[in-house]
Amino acid sequence: MLTALLIAPAIIPDQRIPTSPYRNDPRRAHLEKFFGARDCPARALAEDFLVAADRHGLDWRLLPSIAFVESTGGKAYRNNNIMGWGSSRQAFTSIRAGIHHVAERLKNAGCYRDKGLKAKLRTYNPSPAYAGHVMRVMELIGPASLNGQTTAD
């Protein structure tokens, strides 16, 4: 009996690898186009920005815009911190971990919770021009609502 099991052909169940729900998301295309046109490494992180924003109810353009302002979309950063979190002193185990950490803090931390977009940005960086700069980048990326996707902020 054992011999029969060893020589019988292995039957592998049909396991299809699921595709990402963001694969054909128009927001992803906008992020990839925006970062790609500027030769930014953050182009490869488009899906991570969307997952983090959707998970925490943030405008889908906010996190990539902060990353663009803070590190030129991943061109200049340290400590896996393309978001400039903690004046770029905060270290993360990966760039993705940093994106998700910042998203969670922007949604749940007391100093950000229940604030609108401008107020969140003023708290993130109190420089008078900062909020306007990030919001202009958000406009360059694309409209707030794409193909049924809406934003919280």
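Please treat every number below as a calculation from the coordinates, not as lab data. What you see is a predicted model; the values in this text were computed from it and never measured. For neighbour counting, all protein chains shown are included, and Cβ atoms are generated from backbone atoms with ideal geometry for every residue, glycine included.
Here are the numbers:
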| item | result |
| --- | --- |
| Flag if LYS107 is within 21 Å of LEU45 (Cβ to Cβ) and either part of a helix (DSSP H, G or I) or in contact (Cβ under 8 Å) with a residue 24 or more places away in the chain (or both) | yes |
| Breaking point among (1) out of contact with any Leu (no Cβ under 6 Å at 6 or more places or on another chain); (2) of a type in the set (A, V, I, L, M, F, W, C); (3) in a helix (DSSP H, G or I), for ALA131 | (1) |
| Filter pass, SER94 being free of Cβ contacts under 8 Å to residues at least 40 places away in the same chain and either of a type in the set (Lys, Arg) or over 22 Å from PRO21 (Cα atoms) (or both) | yes |
| Candidate set: the range 19-38, residues that are in contact (Cβ under 8 Å) with a residue 24 or more places away in the chain and either assigned to a loop (DSSP other than H, G, I, E, B) or of a type in the set (Lys, Arg) (or both); chosen: the one surrounded by the most Cβ atoms within 10 Å (Cβ to Cβ) | ARG27 |
| Condition check for TYR130: farther than 17 Å from PHE34 by Cα, touching a residue at least 60 places away in the same chain (Cβ under 8 Å) and out of contact with any His (no Cβ under 7 Å at 6 or more places or on another chain) | yes |
| Failed item in (1) touching a Gly at 6+ places or on another chain (Cβ under 9 Å); (2) more than 20 Å from SER20 (Cα to Cα), with LYS115 passing the rest | (1) |
| Residue ID - nearest to PRO41 (Cα to Cα), chosen from residues in the range 53-90 that are basic (Lys, Arg) and surrounded by fewer than 24 Cβ atoms within 10 Å (Cβ to Cβ) | LYS75 |
| From the options LYS115, LYS120, LYS107, residue that is among the charged types (D, E, K, R) and in contact with a Phe, Trp or Tyr (Cβ under 6 Å, 6 or more places away or on another chain) | LYS120 |
| Leading residue by the ranking (farthest from ILE66 (Cα to Cα)) among those in the range 96-114 that are surrounded by fewer than 18 Cβ atoms within 10 Å (Cβ to Cβ) and among the aliphatic types (A, V, I, L, M) | ALA109 |
| Options GLY86, GLY73; residue that is touching a Phe, Trp or Tyr at 6+ places or on another chain (Cβ under 8 Å) and over 22 Å from SER145 (Cβ atoms) | GLY73 |
| Any hit, the range 73-92, residues being part of a helix (DSSP H, G or I) and of a type outside the set (D, E, K, R) | no |
